[in-house]
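One structure below.
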Amino acid sequence: MFKTTALLLSLGAALAATTPALAQSASAAPVPAAAAASCPAVLKHTFKRLQDEAPQDLCQYSGKVVLVVNTASYCGFTPQYEGLEALYAKYAARGLVVLGFPSNDFKQESEDAKKIADLCYNTYGVKFPMFATTPVTGAAANPLYVDLIKATGNQPKWNFNKYLIDRNGKVLDYFPSKVTPQDPALVARIEQALGG
């Protein structure tokens with residue numbers, strides 16, 4: 001009886017010691033070593049996920065065509081969420097991922113992450129990855145946006161600016177807010193980046 005109790009206590013302690021590490025690694029979207037080694041510089045960043053603030057390594061999107069968009073909840077362009085989700089749904093199987101970065105740089109975003117998430121997921125049916133609110137302009141711009149601005153010479157001038165990155169991590173193009181997700185120029189550029 002004593003040996004059984006001691007064994008159970010020992011197993012319980014071992015499980016308790018490993019559980020936090022398992023939970024942390026599961027929430028951090030681990031990236032395989034090969035993918036991390038081949039990760040392009042522009043994607044070598046980690047950001048918190050919108051819905052739960054779990055850290056997400058952008059290297060998990062290596063080898064994909066990436067459309068990066070700065071978003072806002074209270075903007076005339078906010079309905080573009082619907083078009084962005086349609087693009088993602090149409091081209092995800094071919095390797096497109098849309099990454100949404102809410103920003104209050106233009107004073108049109110909520111400070112409440114739950115409200116932003118509710119708008120994205122429940123109003124517009126967004127399924128593409130969304131990240132926690134972050135600066136995208138000026139000296140406070142997050143490191144991904146610093147790279148995107150440097151590569152294109154274009155800083156976001158408003159919400160829903162779009163940057164297209166190819167499968168190798170090369171920043172291909174910049175599209176201002178007025179270019180909708182269904183704009184033929186943007187769609188053609190995405191299709192070209194995805195290849196046949």
*May I ask for the net charge around Thr123, where only other residues with Cβ less than 14 Å from the Cβ of Thr123 are counted and Lys, Arg are +1 while Asp, Glu are -1?*
0
*For the residue pair Leu194 and Ala140, what label-to-label distance in nm results when each label sits 7 Å from Cα along the Cα-to-beta-carbon direction?*
3.7 nm
_Sparse-neighbour loop sites [GluC sites (Glu not before Pro); segment 85-119; at most 15 other C-beta within 10 Å; DSSP]_ = Glu111
*If you take the square roots of the eigenvalues of the alpha-carbon gyration tensor of segment 31-194 and sort them as a ≥ b ≥ c, do you get rounded (a/c under 1.5), prolate (a/b over b/c) or oblate?*
rounded
*asked:* Placing unit charges on C-beta atoms (Lys and Arg positive, Asp and Glu negative, everything else neutral), compute the dipole magnitude of segment 31-194 about its Cα centre in debye, rounded to 20.
replied: 340 debye
_Lysine-lysine proximity count for segment 58-189, Cα under 15 Å, sequence distance 8 or more or distinct chains_ = 9
*asked:* Given the options Thr123, Ala151, Pro55, identify the residue whose Cα lies farthest towards the positive end of the charge dipole of segment 31-194 (+1 on Cβ of Lys, Arg; -1 on Cβ of Asp, Glu).
replied: Ala151
*Using 0.36 nm per residue of separation minus the Cα-Cα distance, give me the extension gain between Asn168 and Ala54 in nm, one decimal.*
38.5 nm
_Net length gained if the chain between Lys157 and Val187 were fully extended (0.36 nm per residue, minus Cα distance)_ = 8.7 nm
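Rule-based calculations on the coordinates, nothing more; no lab input. Please read these numbers as outputs of a predicted model, since none were measured by experiment. Quick reminder, even Gly has a Cβ in these numbers, built from the backbone with ideal geometry, and neighbours come from all protein chains shown.
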